[in-house]
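The values are calculated or read from the model by the stated rules, or taken from the named source; none is laboratory data. Bear in mind the structure is a predicted one, so any value in this text is a computation, not a measurement. Using ideal geometry, Cβ is built from the backbone for each residue, glycine included, and neighbour counts are taken over all protein chains shown. Remember, those area values only see protein heavy atoms, side chains included, never the ligands or the DNA or RNA. Shrake-Rupley method; radii C 1.70, N 1.55, O 1.52, S 1.80 Å.
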Amino acid sequence: MFDYGLFRFADKQELFDKSIRFWNPDKTKFWQGVGVDLVIDRREGYCLYDMSGRRLIDLHLNGGTYNFGHRHPELVDTLKGALDYFDMGNHWFPSVARAALSEELIGTAPGMKYAIFGAGGAEAVEIALKSARYATQRRKIVSIIKGYHGHSGLSVATGDERFTKLFLADRPDEFVQVPFNDIDAMERALAGGDVAALIMETIPATYGFPMPQEGYLNACKALCEKYGTMYIADEVQTGLMRTGEMWGWQTYGVEPDIFVTAKGLGGGIYPISAAVVNEKCGGWLEVDGAAHISTSGGAELGCIVAHKALEMLRRPELVANVHAVTRFFADGMADMMQRHGDIFVGVRQKGVVLGLEFDHPEGAVSVSRALYEHGVWAIFSSLDKRVLQFKPGVLLSADMCQEILDRFDAAMPRARALLHELSKAA
Amino acid sequence: MADAAKVTDQPLLDVPDVVWQRASMKLDGARWAAGKLAVTGRAEITGIVDAVADAGHARARHYAEAAVSETGYGVVEHKVIKNEACSRGVVDLYRDEDFVAPRIDDARKIVELPRPAGVVLALIPVTNPVATVFFKTLLALMTRNAVILCPHPAARKVCAEAAHALADAAHKAGAPENAIQVIEEPTIPLIEKLMADSRVDLIVATGGPSVVRAAYRSGTPALGVGPGNAPVLVDDTCDLKAAARRIVASKSFDNSILCTNESTVLAFAGIADRLLDEMKVAKAHICTPEQTQKLRDLLFTDDGFNTAVIGKDADWIAREAGFSAPGAKILVTPVDLVQPEERLVREKLCPVLAFARVTGIDQGISAARSMMRHTGKGHSAAIHSSDERNIMAFSAAVPALRVAVNAGCSLGASGFETHLGPSMTIGTGFAGGSSIGDNLTPHHFVQFARIAYNKEADVAFGAFEGLDPHDLPRLASIATAQPQLSLLAGGGGADSDAVRRELRKIILEELNAVLAA
Ligand SMILES: Cc1ncc(COP(=O)(O)O)c(C=O)c1O
């Protein structure tokens, strides 16, 4: 019996049944199909506990939402303290929490002018695209094939057709896509001088973290300047110290006109997102500040959690930990690849953002399952299933990193067996 | 302004304690460093240790001045000596010892692999702050441990400055980040929380008895040492002139701030007056009964020991007590009773030396035992004598774990003027509430994993010479035994790459078709 006070489930099966009945039949069945019967119950630090009580180390982190781990005590205490005084606030008025957080955000990115808040990543992307359109008075948006920016109206239109066609939300006339790391294609897309914005993830997450080639992002930014296009960096998965700097673009030396942050900004406990814009892109805020409205965007409780999150991320102790985790997995995965090179064929890494390549088009689905059976939860890349997203948190300890590597090593024979089955089946 | 601005000391929101949160992150940092240090080779370790020692030595005087000015304790000149001894001095002493390489014992068919403690939490006393920072850091590094220095709050600035300098030097010499860290804002509750944290492997506690007991109570393995209260016996067989000179020099060294300093002279009655005369020559001031009473009142108030006198010079203390002793290096207070109720025979940590007469060795021993009943058990004692029987009898009977002979106790018992391990941390053993009875040395920071072969003569011992446990040839990988996936899928041979690519493409297309369906 799982008695949560407010509701009760006799067992995990009842939960599956009700999820299929009332929530999302396909998603529920999908996971069972790939051998992952996870229903997250308790959660603490970098660990999740299935309803069965089984412990899993979380390397999915929902794309960095749990950058600090689950329910980090300092964040939880911050939110609890805030709840004794604040609530979501009233989005119509200036507020102490929003002003303070805006100032903090601008402080992390000199050259930026305003922070505009949303509740989720897609909303912040939406704000970014609208801001660029206002600034340029152009309509067209260029994005990367297999890029991912969320599922709201404008953001989903920048993404893969898997998510647009179904809802008749693709708009090929206004939304142009080009291949990643192809600067010539980029120039062709921008050369018309009619593009409002180029939006790209600094490292495309859902595509499996292919690394931008040397100079690619800078060249894209230069093209934007040449053709009067705004450069929007989607930092939803690469921001918040995950690449070793506060923002991923800082590690590549590009200065975007707008960048977007979400997920981990709310510490995994209160949703908040932001589009941070330079003076040009913030122009509409001088003209009609109520042109974008969001009741839960920039809710004060979220602002306070985000404020704390930024403060934590700037501590030298935390930055040192990010470097240590980075080096550990750089060395550790090189070693694993040497030992399991028959199936494990490549590592993409920037800071604690890693994509692990397996030698089969669906390889990462099998590896994800093998890891799951060995107590580690890491998800494959939806848009390139060869690649496993491997996302250690910024506060992972030395002991737990070693445990992860030991479990990874132990899971490889099982992954190998699953992959061989797949290959034979094909 | 018209705002209803709230004027309170308390912020409106209850926010988490950032000091603890940062300290907690330091522990994580230290664990990373410890993991890396534990697999670092001897040459690198030696390089790091030397660099750290040099950095400390180079600024020994600066830190001595800073420590005296921050804490108000001690003598700059003497702190310079200690800082030098505890930096290069200590490193040179242990230079030939290897705490890193495996030790092979062919006769016993045993190999010992050094296993560092890991993360050492080093508590730093206010009395000898910088010397102890140097000392504990170097001992920890020699044995490949990461160290977190936890200074006494009254010495935190100078400790932090010194620790940062050492950390810098260590890092430049190749030490991992966070091998040396310092708690910049120490408080008692913070230190207690750190001590109880499971990420700490070893606490090395020097300080007052309450700190040491808290260390042992924390549940974390600890090396804590208790307070001193050293009796010094002077018999009728010693060189009185030399004894007097050594006692005064030792008692005035750094204004008696070492826990090994002499507390009470127990002089054979037959030589007592001559000893006092010689001490006067050595610049001791012998107090009148009134002056003795004034000192008793100054040092021991109704609230207990007056810590304001710690490490102050004789002149200052005399003036504070209400008399003057111009030019005196120490103040000698003759007492009749050598029992704990005579407060002047307790630990004083300032250049006030009690002086009592004993009829002979037996009474000397019982007097020493009596004064140590209150404090000082397991710590230090000294004797000036040329009679081995007296020396043996005294050492066997008094509850001290080290007896300095014909040497000043301050630097004798702490190993700088004897062949004991030179140490800022003096183990007081079981009698003194401690798990160690030696002077703290690097040996206390490392344990060994032992490879032990069957004793039987027909079981041969392995050839371990030259094997480095952290640089063994890669063990054969199971993966190499597995057929390549892509080969399974077909292909192989010279142009297998092209075949493989083609095959992958086909599989991908098929799969996509399946998925899209
Ligand atoms: C790079 C990137 N941008 C935007 C989003 C959308 O964020 P949200 O799901 O909060 O709308 C995501 C979510 O996965 C993302 O990974």
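Things to note:
- Translational diffusion of chain B was estimated from the Stokes-Einstein equation, with Rh taken as the Kirkwood radius over Cα pairs; at 4 °C and 1.567 mPa s the coefficient is 50 µm²/s.
- Here is the size of the stretch A:239-297 from its Cα atoms: Rg then Dmax, 13.6, 37 Å.
- Between the listed residues A:A309, B:G311, B:T237, the Cα displaced farthest toward the positive end of the dipole of the protein assembly as shown, a dipole computed from Cβ unit charges relative to the Cα centre, is found at B:T237.
- For the protein assembly as shown, a crude dipole built from +1 on the beta carbon of Lys and Arg and -1 on the beta carbon of Asp and Glu, taken about the Cα centre, is about 560 debye to the nearest 20.
- Computed log₁₀ I(q)/I(0) - Debye formula, equal Cα scatterers, no solvent, chain A, q 0.08, 0.09 Å⁻¹: -0.45, -0.57
- Charge tally in the Cβ shell below 14 Å around A:E235, where Lys, Arg are +1 and Asp, Glu are -1, A:E235 excluded: -2
- Approximate spin-label separation A:F167-A:E187, in nm, with each point projected 7 Å along Cα-to-Cβ: 3.6 nm
- Simple Cβ-charge dipole of chain A, Lys/Arg +1 and Asp/Glu -1, about Cα centre, in debye nearest 20: 520 debye
- For the cross-link pairs B:K329/B:K377; B:K79/B:K329; B:K280/B:K348; B:K79/B:K312; B:K280/B:K377; A:K12/A:K263, the ones whose C-alpha atoms lie over 18 Å apart are B:K329/B:K377; B:K280/B:K348; B:K280/B:K377; A:K12/A:K263.
- Members of A:K18/A:K146; A:K308/B:K36; A:K80/A:K350; A:K308/B:K193 lying beyond 25 Å, as alpha-carbon distances in this model show: A:K18/A:K146; A:K308/B:K36; A:K80/A:K350
- For the stretch B:230-413, the carbon plus sulfur part of the accessible surface works out to 50%, probe radius 1.4 Å.
- Label point at B:E77 placed 7 Å out along Cα→Cβ; residues across the stretch B:296-321 whose backbone nitrogen lies under 18 Å: B:311-317
- The stretch B:403-428-the stretch A:95-133 distance, computed between alpha-carbon centres (Å): 65 Å
- Among residues other than A:R42 with Cβ under 10 Å from its Cβ, the summed charge is 0 (Lys and Arg +1, Asp and Glu -1).
- Per residue, the protein assembly as shown exposes 42 Å² of accessible surface when a 1.4 Å probe is rolled over the protein heavy atoms with every protein chain present.
- Under Stokes-Einstein, with the Kirkwood radius over Cα pairs as Rh, the value for the stretch A:73-313 at 25 °C and 0.890 mPa s is 137 µm²/s.
- Calculated log₁₀ intensity ratio I(q)/I(0) where the Debye formula runs over C-alpha points of the stretch A:22-86, q = 0.18, 0.23 Å⁻¹: -0.80, -1.02
- Of the trypsin sites (Lys or Arg not before Pro) in the stretch A:30-70, the ones in a loop by DSSP (not H, G, I, E or B) with at most 15 other beta carbons within 10 Å are A:R54.
- For chain A, the longest site-free run once chymotrypsin sites (Phe, Trp or Tyr not before Pro) in DSSP loop states with at most 16 other Cβ atoms within 10 Å are removed: A:93-426
- Formal net charge of residues neighbouring B:L223 (Cβ-Cβ distance under 15 Å; K, R +1; D, E -1): +1
- For B:I81, the solvent-accessible surface with a 1.4 Å probe is about 90 Å², rounded to the nearest 10.
- Top of A:V387, A:V347, A:V276 by mean-square fluctuation, Gaussian network on chain A, Cα under 10 Å: A:V347
- Entry note, chain A: relative contact order of 20 percent, from Cα contacts under 8 Å with a spacing of 6+ residues.
- Distribution of pairwise C-alpha distances over the stretch B:230-413, 5 Å bins, in %: 1, 10, 19, 24, 23, 14, 6, 2, 0
- Computed over the stretch A:268-426, the ratio Rg/Rh where both radii use C-alpha atoms and Rh is Kirkwood: 1.11
- Percent RCO, i.e. relative contact order, over the stretch A:73-313, from Cα pairs under 8 Å lying at least 6 residues apart: 31 percent
- Taking a straight line from the alpha carbon of A:K424, these lysines sit under 20 Å away, with near neighbours fewer than eight places off in the same chain left out: A:K385, B:K505.
- Residue mean of other protein chain beta carbons inside 10 Å, A:306-312: 2
- For B:I124, nonlocal amide neighbours, meaning residues 5 or more places apart or on other chains whose placed amide H falls under 5 Å from its own, are B:C150, B:H152.
- What separates the Cα centres of the stretch B:307-357 and the stretch A:353-382 is a distance of 74 Å.
- Beta bridges per DSSP, both residues in the protein assembly as shown: antiparallel share near 45 percent.
- Per-q log10 I(q)/I(0), the stretch A:162-240, q = 0.12, 0.13 Å⁻¹ (Debye; single scatterer per alpha-carbon; no solvent): -0.37, -0.43
- Bridging of B:K241 to aspartates and glutamates at a Cα separation below 20 Å is possible for B:E262, B:D273, B:D277, B:E278, B:D387, B:E388, B:E417, once same-chain residues fewer than 8 apart are set aside.
- The calculated FRET efficiency for A:D77 paired with B:H470, based on their beta-carbon distance and R0 = 41 Å, is about 0.50.
- Largest-first ellipsoid semi-axes for the protein assembly as shown, taking √(5λ) over the Cα gyration tensor eigenvalues, angstrom: 67, 34, 23
- Spin-label pair B:L93/A:I293, simplified geometry with 7 Å Cα→Cβ offset, distance in nm: 7.7 nm
- The phi torsions of the stretch A:64-79, fed into the Karplus equation with coefficients 6.51, -1.76 and 1.60 and a -60° offset, translate into couplings of x, 4, 9, 3, 8, x, 7, 6, 4, x, 5, 6, 4, 4, 4, 5 Hz, rounded to whole numbers, with Gly and Pro shown as x.
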